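**Q** My questions all concern the structure below.
Any read-out appearing in this document is the output of simple, stated calculations on the displayed coordinates, not a laboratory observation. For clarity, every value in this text was computed on a predicted model and none was experimentally measured. All Cβ positions, even for glycine, are placed from backbone atoms using ideal geometry, and neighbour counts span all protein chains on display.
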Amino acid sequence: MPLDHAADPSAEAKPYVEALARVCDYYDVDAESRYADLPDPARKVHYLTAGDGPPLLLLHGLSTNGATWVPMFDALTDRFTVYAPDRPGRGLSTAVDYRETGFREFGVEYVADLLDALGIEETAVMGNSLGGFQSLALTVDRPERVRRLCLVGAPAGLSRSIPPLFRLLDLPLVGDWLFDYIEAESVADARDAYRRINVEDDSALPDAYFEPGLVAEDLPGQRESLRSLMETLGTVRGMGPQFDLHEEVRGIETPTRFVWGTEDYFWSPSVGRPVAGAMANADFVTLNDHGHMPWLEPGDAAEEAAVEFLTGEVRPDSIS
């Protein structure tokens with residue numbers, strides 16, 4: 001079944017919508033492409049939704065988009081109604097200048113507004129990387145909105161340490177050069193970047209997976225919005241102070257699971273395990289030979305760890 005898009009896409013949006021349709025077709029997913037009208041500055045947020053059951057909100061990382069979760073839909077959509085938004089400034093969501101909008105507060109505010117627009121009072125939440133940061137911040141600030149919390153891949157916010165490359169993104173000229181360097185211009189480029197940063201083994205990923213991200217770079221405001229967020233995210237001293245949650249998250253009482261690859265590019269399991277151990281209701285699952293986006297690796301280990309927790313088939317009561 002083709003992707004069900006909310007309206008005829010504009011000429012600018014059409015290539016992105018077509019790329020989304022190819023991803024959904026490859027993974028045999030029946031998904032709907034929808035928009036939610038939110039207060040400024042988010043305004044219009046695009047999201048994919050599929051499945052049947054209680055709600056599950058999926059929050060993607062820094063330079064990806066909602067379609068990054070499509071490979072996991074098959075494991076989720078027979079148990080949940082999933083919602084995978086494009087963060088403002090990614091995909092078909094309205095671009096935002098993050099130099100003017102603090103991400104710590106805005107990242108929670110627009111998600112809460114999106115839940116309101118969808119008529120969802122409480123939801124399970126799953127996040128990756130910067131989306132993991134949002135998931136944690138949402139649970140800290142609006143605990144009544146989060147039923148269960150699953151962090152798949154290392155979430156930002158538990159350590160201000162970041163790889164050297166990302167410490168240079170806020171430097172004039174140097175940051176511009178680095179931004180151009182890490183931007184993919186072809187599927188081959190994107191695969192190479194994923195192997196360097198996101199996965200240990202890209203053999204399970206079809207070319208179609210990378211196409212939405214490549215096409216999205218031509219959407220209005222896309223590059224500028226991402227660059228503005230990167231400038232606030234990375235400094236020569238590490239992550240900016242607004243991204244430091246390591247003390248706040250220890251007070252989270254919501255059932256929480258960390259699913260963390262041993263080969264995560266950004267943070268090793270040694271960063272997250274003590275935090276999980278200090279939380280009242282959390283556990284920690286380590287996946288050998290998995291990278292920063294573990295559900296994209298061959299096999300089902302990440303999906304199984306997430307689904308058994310989100311469905312309540314196991315309770316977070318031990319650190320592994």
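**Q** Calculate for the chain the 222 nm mean residue ellipticity that helices alone would give, adding -39,500 (n - 2.57) per DSSP H run of length 4 or more and normalising by residue count, nearest 500 deg cm²/dmol.
**A** Calculated from helices alone, the mean residue ellipticity at 222 nm is -10500 deg cm²/dmol.
**Q** Can you tell me the length gained on complete extension of the stretch Glu32 to Asp218, counting 0.36 nm per residue apart and subtracting the Cα distance?
**A** 64.7 nm
**Q** Something else: Using a 7 Å offset from the Cα along the Cα-to-Cβ direction at both Ala278 and Arg79, what is the distance between the two label points in nm, to one decimal?
**A** Modelled inter-label distance: 3.0 nm.
**Q** Zone of Glu248 (label point 7 Å along Cα→Cβ, backbone N under 16 Å): which residues in segment 61-101?
**A** Counting backbone N atoms under 16 Å from the label point, the list is 101.
**Q** Hey, another quick one. Could you grab the relative contact order for the chain? Cα pairs under 8 Å, six or more apart, rounded to a whole percent.
**A** Values: 686 pairs, mean separation 57.8, N = 320.
Relative contact order of the chain: 18 percent.
**Q** Please pull out the direction-averaged projected area of the chain, using the convex hull of its alpha-carbon atoms, in nm² to one decimal place.
**A** Numbers: hull surface 57.2 nm².
Average projection, Cα convex hull of the chain: 14.3 nm².
**Q** What's the center-to-center distance, using Cα atoms, between segment 274-310 and segment 94-125 in Å?
**A** Distance between centres, Cα-based: 25 Å.
**Q** Within segment 214-318, which trypsin sites (Lys or Arg not before Pro) sit in a loop by DSSP and count at most 16 neighbouring Cβ atoms inside 10 Å?
**A** Qualifying residues, ordered by number: Arg237.
**Q** Read phi for every residue in segment 96-110 and hand back ³J(HN,Hα) as whole Hz from Karplus 6.51 cos²θ - 1.76 cosθ + 1.60, θ = phi - 60°, with x for Gly and Pro.
**A** So the J values, rounded to whole Hz, are 10, 8, 7, 6, 9, 10, x, 5, 4, 7, 5, x, 7, 4, 6.
**Q** Let me ask something else about it. Just to check I understand the Karplus step: with θ = phi - 60° and J = 6.51 cos²θ - 1.76 cosθ + 1.60, what whole-Hz values come out for segment 37-51, glycine and proline as x?
**A** With coefficients 6.51, -1.76 and 1.60, one gets 8, 10, x, 4, x, 5, 6, 10, 10, 8, 8, 9, 9, 7, x Hz.
**Q** Further question on the same structure: Let's see if you can work this out: charge +1 on each Lys and Arg Cβ, -1 on each Asp and Glu Cβ, no other charges. What is the dipole magnitude of the chain about its Cα centre, in debye to the nearest 20?
**A** Approximately 940 debye in magnitude.
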